[in-house]
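The values are calculated or read from the model by the stated rules, or taken from the named source; none is laboratory data. What you see is a predicted model, and the numbers here were worked out from it, not measured in a lab. Glycine gets a Cβ as well: all are built from the backbone with ideal geometry, and neighbour counts include every protein chain shown.
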Amino acid sequence: MVVHGGVLALSIVVGFLGQPLGLPNWLRQLSTFEHAPSPPSGDVEAVPLLVLTVIAGVLVAGGIVAFRQRDVGEADDSCRTQPC
């Protein structure tokens, strides 16, 4: 939880405060907000949206794989009839 919270915080800080803070362009390009267009004021290009969608899909698939490989243990049938 710490990792994705840190990524979210970094994206917000870099995306919204990157230019006022004078952060370098390479650092501002790490934020997802730099690649997503704002439709009312800018042109919408398909390539950045497709790249972000593919990255999100890969991350979701990785999360599903990690979730299935968790080591929780299975409930024993004896726990249903008596306290474990």
Members of region 7-39 that are over 19 Å from Leu59 (Cβ atoms), modelled with pLDDT of 75 or more and in contact with a Leu (Cβ under 9 Å, 6 or more places away or on another chain): Val13, Leu17, Gly18, Leu23
Which count do you get for residues in region 40-70 that are at pLDDT 70 or above, assigned to a loop (DSSP other than H, G, I, E, B) and not aliphatic (A, V, I, L, M)? 6
Taking region 1-39, which residues are among the hydrophobic types (A, V, I, L, M, F, W, C), surrounded by 10 or more Cβ atoms within 10 Å (Cβ to Cβ) and in a loop (DSSP other than H, G, I, E, B)? Leu23, Leu30, Ala36
